[in-house]
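The values are calculated or read from the model by the stated rules, or taken from the named source; none is laboratory data. Since this is a predicted model, take the numbers as computed values, not measurements. So basically every Cβ, Gly included, is an ideal-geometry build from the backbone, and we count neighbours across all protein chains shown.
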Amino acid sequence: MVETNYWFEPAEYHARLARVQAALKEKGQDALLAFLPETVTWLTGYFTRAYGTFQFAIIPAEGQPTLFARDVEEYYLDSTCVFPDRVLWTDSDDRTAVAVEAIRSRIGATARIGVEMDAWVLNASRWEAIRAAMPSAEFVNESALVPTMKLIKSEAEIAYQRRAAHAAEAGMQAGIDTAGTGVTEREMAAAICAAMIREGSDLPGPGVLSSGERAYHLHGGYSDRVMQRGDIVQLEVTPNNHHYHARFMRPIRVAEASDADHRLAEQLIAIQDAALAAVAPGVAATVPDSIYRDGILSAGLRETYTNKTFYSVGLLLQPNGGEPMEAHPGAEWSFAEGMVFHSYVLAKGFGMSETIVVRKDGAERLTNFPRQLFVTKT
């Protein structure tokens with residue numbers, strides 16, 4: 001008998017399923033084909049590192065889900081999935097034909113079916129083959145159905161993000177301790193990854209790590225570059241626990257920093273403090289977003305400010321780096337209790353950010369690392 005390794009109590013998965021099924025019934029749909037790996041894991045518990053293979057969940061409007069997966073994943077189905085029904089394919093099968101038969105057998109050939117069409121694992125050829133094989137079915141794009149539900153986290157989910165935040169803090173400290181004149185970005189990355197894994201991160205990636213000229217440009221990765229005296233190091237640590245994410249950024253100078261550098265860091269902190277203080281349930285996303293933008297532009301720290309200022313984080317499986325909710329001048333949503341965000345501000349190569357959870361009385365920081373410009377010893 002396989003020992004179970006559920007990330008949450010079965011009751012939580014059943015409650016999530018009930019919410020999705022209620023929405024399907026309200027929309028007059030017979031089922032949802034859940035192709036997003038995060039949806040499959042969030043709804044059923046099933047997780048394997050091989051989530052990039054052709055797998056999905058059939059979620060009927062009534063009854064229990066069916067998991068469609070490769071046969072070598074049966075152990076992970078048995079140990080992580082709270083629902084028993086599954087259809088397995090082998091490497092010698094026509095997996096699309098097996099998928100179509102699984103759908104027909106569970107929900108019929110003439111059903112009205114919601115589909116996560118935005119899922120990256122559902123490539124164009126697979127989708128066209130499924131649709132062609134079920135000409136009497138009606139397919140509706142329901143890519144936003146479950147991702148929208150996932151925006152409000154349970155306390156059990158937030159607990160995983162809190163542990164990820166602790167891993168982030170360990171990684172940041174390791175990065176600061178390792179960085180210095182003559183040290184390579186690769187050496188720094190190795191120390192960060194080791195510290196985060198020891199503290200509970202499931203994946204090592206340090207996130208953004210770039211020095212020198214690349215520090216002025218977002219999304220740089222570590223390289224063999226040797227850090228030099230006076231370099232800016234842009235560092236964002238991005239660990240996760242049970243693939244629930246928390247992250248933050250801090251600015252670093254190698255060996256020396258000017259008074260202007262410290263003033264810049266203080267300005268960014270003050271702007272961010274004002275923006276985060278405005279976060280509360282019911283507050284429009286554009287309110288703290290404007291505080292960020294107006295603060296940066298009025299201080300003359302940037303000529304333009306085009307990037308988002310908040311984005312939702314939670315259960316994320318690569319290549320996804322964030323959930324589909326972002327704050328920008330055109331955002332039409334409001335904060336709600338239980339939402340979790342990474343919120344950041346950037347100027348002149350310096351980045352300052354936090355992961356926060358929205359509580360009834362405002363924003364709670366999950367990341368609690370000292371907020372300042374760090375200067376390495378050498």
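Among the candidates A299, A280, the residue that is surrounded by 14 or more Cβ atoms within 10 Å (Cβ to Cβ), touching a residue at least 40 places away in the same chain (Cβ under 8 Å) and not acidic (D, E) is uniquely A280. Scanning region 137-161 for residues being of a type outside the set (A, V, I, L, M), within 14 Å of the chain's Cα centre (by Cα) and either assigned to a helix (DSSP H, G or I) or within 30 Å of T110 (Cα to Cα) (or both) gives a total of 6.
Taking the criterion of being out of contact with any Ser or Thr (no Cβ under 8 Å at 6 or more places or on another chain), closer than 24 Å to A215 by Cα and surrounded by 21 or more Cβ atoms within 10 Å (Cβ to Cβ), would at least one residue in region 324-341 satisfy it? Taking every residue of region 324-341 in turn, none turns out to be out of contact with any Ser or Thr (no Cβ under 8 Å at 6 or more places or on another chain), closer than 24 Å to A215 by Cα and surrounded by 21 or more Cβ atoms within 10 Å (Cβ to Cβ).
If you go through region 166-210 and pick out every residue that is in contact with a Phe, Trp or Tyr (Cβ under 9 Å, 6 or more places away or on another chain), within 18 Å of K377 (Cβ to Cβ), of a type outside the set (G, A, S) and outside any helix (DSSP H, G or I), you end up with 1. When region 127-153 is filtered for residues that are in contact with a Gly (Cβ under 9 Å, 6 or more places away or on another chain), surrounded by 13 or more Cβ atoms within 10 Å (Cβ to Cβ) and not small (G, A, S), the ones remaining, listed by number, are F139, V140, E142, L145, K150, L151, I152, K153. Can M249 be described as among the hydrophobic types (A, V, I, L, M, F, W, C), at pLDDT 95 or above and in a strand (DSSP E or B)? Judged against the criteria, M249 is a match. Applying the criterion of being within 24 Å of the chain's Cα centre (by Cα) and part of a loop (DSSP other than H, G, I, E, B) to the residues of region 224-239, the residue that is farthest from A167 (Cα to Cα) is T238. The residue list A179, A159 contains one member that is over 27 Å from T306 (Cβ atoms), in the same structural domain as M339 (by TED's automatic domain parsing) and touching a helix residue (DSSP H, G or I) at 6+ places or on another chain (Cβ under 6 Å), which is A179. Condition (residue is crowded, with 22+ Cβ neighbours inside 10 Å and either in contact with a Cys (Cβ under 8 Å, 6 or more places away or on another chain) or part of a helix (DSSP H, G or I) (or both)) applied to region 256-266: is it met by at least one residue? Scanning region 256-266 turns up no residue that is crowded, with 22+ Cβ neighbours inside 10 Å and either in contact with a Cys (Cβ under 8 Å, 6 or more places away or on another chain) or part of a helix (DSSP H, G or I) (or both).
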